[in-house]
Each structure stands twice: as structure tokens, then as C-alpha cells.
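First comes the structure, then the notes that go with it.
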Amino acid sequence: MSDQEVVTLEDRKNSLLNRREVKALFRGAAGKIKRTEAVEKMAGQLSVDKKQVIPINLVCETGMTDVHALFYVYDDEKIAAKHLPRYRMLRTLPKEERKKILDDEKAAKLKAKQEAAASKGGASGAKR
């Protein structure tokens, strides 16, 4: 991965949304780079923590080996979570961690549903 060149095409400060919007070009990376690797490279180039860099899209053109990418760089993770959809934040996590969070939420939802059904059943029995 170190042989690929990263070129920053545009680095813009969006003061309204309190973030930097960085457009970059990964030369010769089509089909070889993952989102997490792209984030690590961008964070290294911008000298920021990789948790602050959120990949928005990575696009390859037909017949080209370059990848055009758009990243948002936030100063604070809370602001990022507030502005962006939840799935964008989950995408930045490692696969195991993401799966664990989703499984925990499913289990909590199922438990709440079972408790609601049990209390409903118990309440209707008490009225009779």
C-alpha cells in the first residue's frame, strides 16, 4: 500500500458545519484500497487522529486505476455524530466492533418487546 501516491485535490474549511472537506486522489489504488486504509493514509497526511476522518465516498472511473475520495474531517466526534447519519459513523468501526454494537441493540430491542408483550398480557388478565 505504501507505493500508492496520495494527492490532495481540494482542502476546504466549511465553517457553517464546523468541518474540513478534503478531496483526494489515490493513484493506482482502484480495487486495492479499503475505506479504513484510505482513512489511515489521509489522517497521516493531514496530521490528525483517524477517528476524526470520516470517508464519504471513494469512486473509481471505468478504465482508470485512480480513486477519487471525499473525506470530512471533524474536530469533535460529537459534532460528526450530530451531523452525519448513523451508518457513516458505524462504517468507520472495525467489522467485529460494528457487529457487536448492532447485536447488542437487537438484543435490547427484543428484550423490550418481550417485556411489553408480557406486561400487556398481565394487564389484560388483571382486568378480567
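Throughout, read-outs are computed from the coordinates displayed, never taken from laboratory work. Owing to the predicted nature of the structure, the values given are computational and were not obtained by experimental measurement. Cβ: placed from backbone, ideal geometry, glycine included. Neighbour counts: every protein chain shown.
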Exercise. Taking a quarter of the surface of the convex hull around the Cα atoms of region 1-83, what do you get in nm²?
Worked result: 5.3 nm²
Exercise. Helix 35-46 versus the longest principal axis of the chain: what angle, 0 to 90°, nearest 10, using Cα atoms?
Worked result: 50 degrees
Seminar exercise, completed: Ala107 and Ser47 label points (each 7 Å along its Cα→Cβ direction) are spaced in nm at 4.4 nm
Exercise. Which of the listed residues, Ala29, Ile54, Leu84, is farthest toward the dipole's positive end in the chain, when Lys, Arg count +1 and Asp, Glu count -1 at the beta-carbon?
Worked result: Leu84
Seminar exercise, completed: Cα-based Rg and Dmax for region 51-92, in Å, come out at 12.4, 39
